[in-house]
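Visitor: Pasting a structure here, questions to come.
The values are calculated or read from the model by the stated rules, or taken from the named source; none is laboratory data. Bear in mind the structure is a predicted one, so any value in this text is a computation, not a measurement. Here the Cβ positions follow ideal geometry from the backbone for every residue, glycine too, while neighbour counts run over all protein chains shown.
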Amino acid sequence: MSEFKTVGKSEIRVDVKGKVTGRTDYAADLKMKGMLHAYLVRCFDHAHANITKLDMSEAAKEPGVVKVVGPDDVTSNVFNQSVIDAMVPPGLEEPMGDIDDQKIFADGRVKHYGEAICAIIATTEAAAEHAAKKVIVEYEPLTVYLNAEASKQPDAIQFDERKPGNLAFQLPEAMFPNNIMGHGDIDAGFAEADLIVEDTLYTNKQKQCQMEPNSYIALYDDDEKLTCWTSTQMPKCVQTKLAKIFEVPVSRMKLIQTTVGGGFGARLGMVLEPQACALAMAMPGHPIKIQSPREEDWLTSPSRHPGDWKVKLGFKKDGTPVAAQANFASYKGAYYLDGSGVAATTGGWLQAVYKWENLAYTGQTYFTNQPVCGAYRGYGNPQQTFVMESMIDRALEQLDIDPVEWRARWHKQVGDGTWFPDVPYSSVAIDACLEQGIEAFGWKEKRAKYKNQTGTIRRGVGVGLTTHTSGAFPMLLEHTVCSIKLNEDASANLTFACSDLGQGAHTALRQIAAEALDFPVDDISLNTQDGDITGFDIGAHASRTLYVGGGAVMEAVNDAKRQIFERAAKLLEANADDLELKDKQVFVKGSPSKSVSLKDMLYKSVYNYDVDMETGGSFADGQIEGYASYNPPHCSPPWAATFIEVEIDMETGEYKLIEMVNTHDIGRAINPAIVEGQMEGGAQQGLGMALTEELYFNDEGKVLNNGFTDYKMLGPSDMPKMTNIIVEEPDPFGPFGAKSVGETGLCTPVGAVSNAIYHATGVSVTDLPITPEKILKAIEEKAAA
Amino acid sequence: MSHHTINLTVNGMPQTVTVEGNQTLLEVLRETIDQTDVKYGCGTGECGACTVLVEDNKPINACLTLAATMDGRSITTVAGLANGTELHPVQQAFVDDFAIQCGYCTPGMVMKSVALLSENPNPSEDEIRHYLEGNICRCTGYAKIVKAVQTASDNMVQYAGGDTA
Amino acid sequence: MSTRVLTNFDLQVPKDIPEALEILDNYQDRITPVAGGSDMLVAWKLGVESGNAMSVTALPDLNYLTYDDNDGLRVGALATIDQLLNSDDVKNKYPALWKAAEIFATHQIKNTATLVGNCLRASPAGDASATAYALGATLTFVSKSGGERKVHIDDLFTGYAQTSRKPSELATELSIPAPGSGSRSAFTRVTRVNEDLAKLNVAAYLEMDGDTCTQARLVMGCVGPTLLRLPKCEALLKGSKVDDATLDAVANTVNDEITPIDDQRSTAEYRRSVAPVFLKRTILKALS
């Protein structure tokens, strides 16, 4: 018998009927009076070049063309397409070195393949695209830089004069002496070590590949109001940014968030909203629609930060982790975005997991002539999980220590520093994850069984473990506003800007409201997505929506209850503090017969026909609306571990994924099916990062595989059997004890599969993705040695 | 540019449209007939978001079909599955088994699943996973989609050998 | 262009074969014939310009799939891969071809793609075309001035994505001889994920007399500008008992006959490493 009415139940999601019948519209499905279509003309000839000529005159004459729009026709305001800067306290930008370096179109110089040069507005999409062929652009090619090593060279062309050496960011000296994040004395640590393992590794440029391509509509109307329809994850921050770019007051910048067909960080900010709005400003009175083709997604929305790793770990014979030193030189792509983000946060994750006695992390990011990098589910954690989990297992192999036993012994505990060292862990239930995981997976038996294999077909098992966060407290602004209006029929309207990207946030937040009010879930409806109606919310990132949104919902409900109890106290002649609300009855605790119907109260609060003839007022108390402006007090990091079994063909390097167990310490599953959905979806992306996904370039920086033909992800028949284990040890701070699950699920499989392949073959592939080509090559090199 | 007048039946309704020779069925469905429940996902027949059914519940990619070659054909889209407010068993299973997250792949995934169960009313898990290749989902990891197809298969026993709905 | 908009062309949709042949005769190489379209529409979206196109989908009497022990398998130009997959005759008599149909692309594509179209596409990575090649298929072409012309598949592939079809010709049929009692065939392919273009494929056809191989046709794909026959390997098998020594000799020879390159799907080095392995395994699969 559950202690809860709806929390813990897999309530049917609030958005799925419209989605399953096709009734729900995404941005691309919207049609409006006077709508025109825009096609952005992009550079597909060079990854780095000065633009020496741009002539749109011939294109302007093409059939169906209404207007051609180039750099001189739009604002020259500089901006940054990420919105992380909206969340960073002012004053921090300077030491972090955050910059705005983007314009609507390429500013005289193309810095990555696919950069936008100008735009065609026409009556149809086809007319716009065909006219684009008539745009004349001439270039002076420049040297192309495709990795950190190349662009840091002293003679390299500078991307931005504010960033000498093309060093977009490194940990600032003012906050990190010697640019090092860590603790202790790293040299002393290594001196103490009985075993040191050291290697260089590479983590890849993975792309979110959310199924909804990028489509936008913008309109600048006769009220001088700029409206933008977009499936951004961060509607309020984007609203602020667009208002600033186009110099309209925030009150005249309306952002309508359309149904989000997946985000995963690709929409943590703006993608083509600036271009859509610029074109709307150029054609007032006409909604301008951009439907960016799928192949442009790899070129325009930000990918994961790829980069080169140097990792050196020191252990004592008994496994004590005495020293961890790591450098991550990531490739930023052509523009800054959240340059200070991943480079720094990666170090945060790295030092959050295990009790290294001495630790030194350094991180840099260098501009490269590649499409931009930004946020992708995990935000540095998948990268560090891969390198650290892999290197740890290589050491443990030499020390003959079981990988699960070591992790159980050395992970951080309640009270230890989290990814933000000054914030201590509030709850850590990874031990329960490991115990249940090894049981369900058969870890010990399989480790023993696959110890000494000699055949062509071999199996291996590996574990990957990490922790993450629930929201970005205390590093970034964490603020969510929520209101809940109680109607005369004792139903409620819950209003917030919190984004549902598909992860199920709206459903879970509705359940939290229902639980807190003790209402049936169906009595709560949601108002979201209209920026004029909803209060502030940062947006969906850092796995914050349930944790912070849930907190905001609970506080708004508490505010409503306070008002209910205040009024009921008068009716019941009792103390407001002694009252309880259950099943829409307000009663005195311990005396359930002394009650008043909430529905009656709410009805009369609106419909009270008595009039005071003397004062002219009415006796209606007014509709009750609860409100909260909520800032969370913590970030309650979740923990997770993945176990995976692989089978390797030693003659071909091919692998089969046999079985996977994902265990997550998430405090409380508000909606277990939704939690599983995050675990399972994260696993598909994590396995893809580990095994198949990468964006490839030729020597000239041309992107080779911006399409599903050659950007390969795991399909339904590639996925292993997955078992989900949800561990619920309620967190003191989360709503009903809940912590996040959105990102952790992607991280742990990356470490686990690398370790499973190592266990099966004895070879460790250090470059992601781990392909059969690399596995076979490593097997052959090992045999030859 | 050549123009072609074609007669289609879409979800049981007759549609006579004039199309250009180089227009895809996807474009004509979405723009000319306003059948926006059929989605553009990749345009190259890889993601399956544009999957519609033709006669005998055979799935095709609307993005790789020239509209002008579809004269006289009958097409079913996801909007044509439900019977009023009563969802098709595949739709109901997707709802009940949490096979939908962002929903963008859902129209195509549902149509593909209807096609599968029409051809093979009692598929094994392996058969389901292989049949669904060509429909990409980035949210669910496919686990609950496969479960929903199994649920629908169990619930649709009585529909064996019948039409779409 | 983009994946949302095709290049411009005038489309003709002839309603009978004489009309189609008339069009081909007029336009010759200035018109692109298209059947299922799964390859051609992608090409048009990538920017290939075809001023004129001709869909063959409305032509009658080209959608058939028949088998008998005299004529063997006869596949009409409009017969889809899905039809091959659902044919017991194909499954039982031509297992390699059936296997290729099973793994071919996706079900959506199987419902519009044709075996004849796949052969005419002449991709060096073609799966169904590789098995048709190993099975010794014959294509039938018709034209207004030339009447009917039969081309053995050994004479079909002339270069990367090029065939010996004359511009005025329409392909009407692909046929494969009826298998003898000693016929064996198998097909293997290697991919990055299950639903993928091949990075290597092997189609093996053998005729066995007891445990002696009397005839061998071995085709390997993704290792040259066209699908490749492996005549040296075939010669080692013909007249031999297919034992470990023969298989090792075949494995050691294959790299003399292939010219793999590095591309999106794999590397020349990997293909050379595994070609011997997969060739051996495919032959063994055919014999099992």
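Visitor: Any chance segment A:719-732 includes a residue that's basic (K, R) and out of contact with any Phe, Trp or Tyr (no Cβ under 8 Å at 6 or more places or on another chain)?
Guide: yes
Visitor: Within segment A:234-265, take every residue that is out of contact with any helix residue (DSSP H, G or I) (no Cβ under 9 Å at 6 or more places or on another chain) and under 21 Å from B:K39 (Cα atoms) and give me the one that is farthest from the other protein chains (Cβ to nearest Cβ).
Guide: Among them, the one singled out is A:G263.
Visitor: Would you check which residues across segment A:3-58 are of a type in the set (F, W, Y) and closer than 26 Å to A:Q233 by Cβ and list them?
Guide: If the condition is that a residue be of a type in the set (F, W, Y) and closer than 26 Å to A:Q233 by Cβ, then A:Y26, A:Y39 are the ones that fit.
Visitor: Please indicate, with yes or no, whether at least one residue in segment A:326-344 is buried (at least 24 other Cβ atoms within 10 Å of the Cβ), out of contact with any helix residue (DSSP H, G or I) (no Cβ under 6 Å at 6 or more places or on another chain), touching a residue at least 24 places away in the same chain (Cβ under 8 Å) and under 23 Å from A:A683 (Cβ atoms).
Guide: yes
Visitor: Against the condition closer than 20 Å to B:A143 by Cβ, more than 9 Å from chain A (Cβ to nearest Cβ) and buried (at least 24 other Cβ atoms within 10 Å of the Cβ), how does B:A115 come out, does it pass?
Guide: For B:A115, the condition - closer than 20 Å to B:A143 by Cβ, more than 9 Å from chain A (Cβ to nearest Cβ) and buried (at least 24 other Cβ atoms within 10 Å of the Cβ) - is not met.
Visitor: I would also like to ask the following. In the set C:S123, C:S175, which member is under 30 Å from C:T259 (Cα atoms), among the small types (G, A, S) and touching a Leu at 6+ places or on another chain (Cβ under 7 Å)?
Guide: Residue meeting the stated conditions: C:S175.
Visitor: When segment C:240-271 is examined, which residues are found to be over 22 Å from the mean Cα position of the chain (by Cα), under 21 Å from A:Y696 (Cβ atoms) and not small (G, A, S)?
Guide: Passing the criteria: C:D262, C:T267, C:E269, C:Y270.
Visitor: Can you name every residue in segment A:20-35 that is hydrophobic (A, V, I, L, M, F, W, C) and farther than 28 Å from A:P284 by Cα?
Guide: Residue satisfying the conditions is A:V20 alone.
Visitor: Kindly indicate the residue of segment A:336-389 that is assigned to a helix (DSSP H, G or I), of a type in the set (S, T, N, Q) and in contact with a strand residue (DSSP E or B) (Cβ under 7 Å, 6 or more places away or on another chain) and also nearest to A:Y145 (Cα to Cα) among those meeting that condition.
Guide: It comes out as A:S340.
Visitor: Considering only residues that are of a type outside the set (S, T, N, Q), more than 10 Å from every other protein chain (Cβ to nearest Cβ) and not in a strand (DSSP E or B), which ones fall in segment A:694-719?
Guide: A:E694, A:L695, A:D699, A:E700, A:G701, A:K702
Visitor: Looking only at segment A:92-103, count every residue that is over 18 Å from A:H479 (Cβ atoms) and assigned to a loop (DSSP other than H, G, I, E, B) and tell me the total.
Guide: 6
Visitor: Still on this structure, please answer the following. Criterion first (away from chain A (no Cβ under 12 Å) and touching a helix residue (DSSP H, G or I) at 6+ places or on another chain (Cβ under 6 Å)) does B:I60 satisfy it?
Guide: So B:I60 fits the description; yes.
Visitor: May I ask you to verify whether A:T692 is in the same structural domain as A:Y655 (by TED's automatic domain parsing) and out of contact with any helix residue (DSSP H, G or I) (no Cβ under 8 Å at 6 or more places or on another chain)?
Guide: yes
Visitor: Run down A:V83, A:V78, A:V14 and say which single residue is away from chain B (no Cβ under 14 Å) and surrounded by 15 or more Cβ atoms within 10 Å (Cβ to Cβ).
Guide: Only one candidate passes the filter, namely A:V83.
Visitor: Could you tell me which residue of segment B:23-56 is farthest from the other protein chains (Cβ to nearest Cβ), considering only residues that are crowded, with 24+ Cβ neighbours inside 10 Å and of a type in the set (V, I, T)?
Guide: Among residues in segment B:23-56 that are crowded, with 24+ Cβ neighbours inside 10 Å and of a type in the set (V, I, T), the one farthest from the other protein chains (Cβ to nearest Cβ) is B:V28.
Visitor: Within the bounds of segment A:154-169, is there any residue that is touching a helix residue (DSSP H, G or I) at 6+ places or on another chain (Cβ under 8 Å) and either assigned to a strand (DSSP E or B) or at pLDDT below 95 (or both)?
Guide: yes
Visitor: If you don't mind, there's one more thing I want to ask. Name the residues in segment A:209-226 that are more than 14 Å from chain B (Cβ to nearest Cβ) and not in a loop (DSSP other than H, G, I, E, B), would you?
Guide: Matches in segment A:209-226: A:Y216, A:A218, A:L219, A:Y220, A:L226.
Visitor: Restricting attention to segment A:732-785, report how many residues are within 14 Å of chain C (Cβ to nearest Cβ) and in contact with a Gly (Cβ under 6 Å, 6 or more places away or on another chain).
Guide: Here the count works out to 3.
Visitor: Please return the ranges of strands (runs of 3 or more DSSP E) entirely within segment C:136-232 where 3 or more residues are crowded, with 21+ Cβ neighbours inside 10 Å.
Guide: Correct list: C:170-176, C:183-190, C:200-209, C:212-221.
Visitor: One residue is enough: does segment A:29-52 have a residue meeting the conditions touching a strand residue (DSSP E or B) at 6+ places or on another chain (Cβ under 9 Å), surrounded by fewer than 24 Cβ atoms within 10 Å (Cβ to Cβ) and in a helix (DSSP H, G or I)?
Guide: Within segment A:29-52, one or more residues are touching a strand residue (DSSP E or B) at 6+ places or on another chain (Cβ under 9 Å), surrounded by fewer than 24 Cβ atoms within 10 Å (Cβ to Cβ) and in a helix (DSSP H, G or I).
Visitor: Kindly list, by first and then second residue, each pair from a residue in segment A:284-300 that is more than 12 Å from every other protein chain (Cβ to nearest Cβ) and β-branched (V, I, T) to a residue that is assigned to a loop (DSSP other than H, G, I, E, B) and crowded, with 21+ Cβ neighbours inside 10 Å, limited to pairs with Cβ atoms under 6 Å and residues at least 6 apart or on different chains.
Guide: Qualifying pairs under 6 Å: A:T300/A:V271.
Visitor: Something else: Could you identify the single residue in A:G616, A:G653 that is among the small types (G, A, S), away from chain B (no Cβ under 14 Å), crowded, with 24+ Cβ neighbours inside 10 Å and over 23 Å from the mean Cα position of the chain (by Cα)?
Guide: Unique residue meeting the criteria: A:G653.
Visitor: Can you tell me which residues in segment B:84-121 are more than 26 Å from A:M679 (Cα to Cα), at pLDDT 95 or above and of a type in the set (S, T, N, Q)?
Guide: Passing the criteria: B:S118, B:N120.
Visitor: Do we find that A:V481 is closer than 21 Å to A:Y547 by Cα, touching a strand residue (DSSP E or B) at 6+ places or on another chain (Cβ under 7 Å), of a type in the set (V, I, T) and not in a loop (DSSP other than H, G, I, E, B) in this structure?
Guide: The answer is yes for A:V481.
Visitor: Do the conditions hold for C:A216, that is, is it without any contact (Cβ under 8 Å) to a residue 24 or more places away in the chain, away from every other protein chain (no Cβ under 13 Å) and under 19 Å from the mean Cα position of the chain (by Cα)?
Guide: yes
Visitor: Return the only residue of A:A490, A:A508, A:A497, A:A513 being surrounded by fewer than 24 Cβ atoms within 10 Å (Cβ to Cβ), among the aliphatic types (A, V, I, L, M) and in the same structural domain as A:G531 (by TED's automatic domain parsing).
Guide: A:A490
Visitor: Something else now. A:I658: surrounded by 24 or more Cβ atoms within 10 Å (Cβ to Cβ), more than 8 Å from every other protein chain (Cβ to nearest Cβ), farther than 18 Å from B:C105 by Cβ and not hydroxyl-bearing (S, T, Y), yes or no?
Guide: No: the conditions fail for A:I658.
Visitor: Among the residues of segment B:43-54, is there at least one that is in a helix (DSSP H, G or I) and either of a type in the set (S, T, Y) or in contact with a helix residue (DSSP H, G or I) (Cβ under 8 Å, 6 or more places away or on another chain) (or both)?
Guide: no
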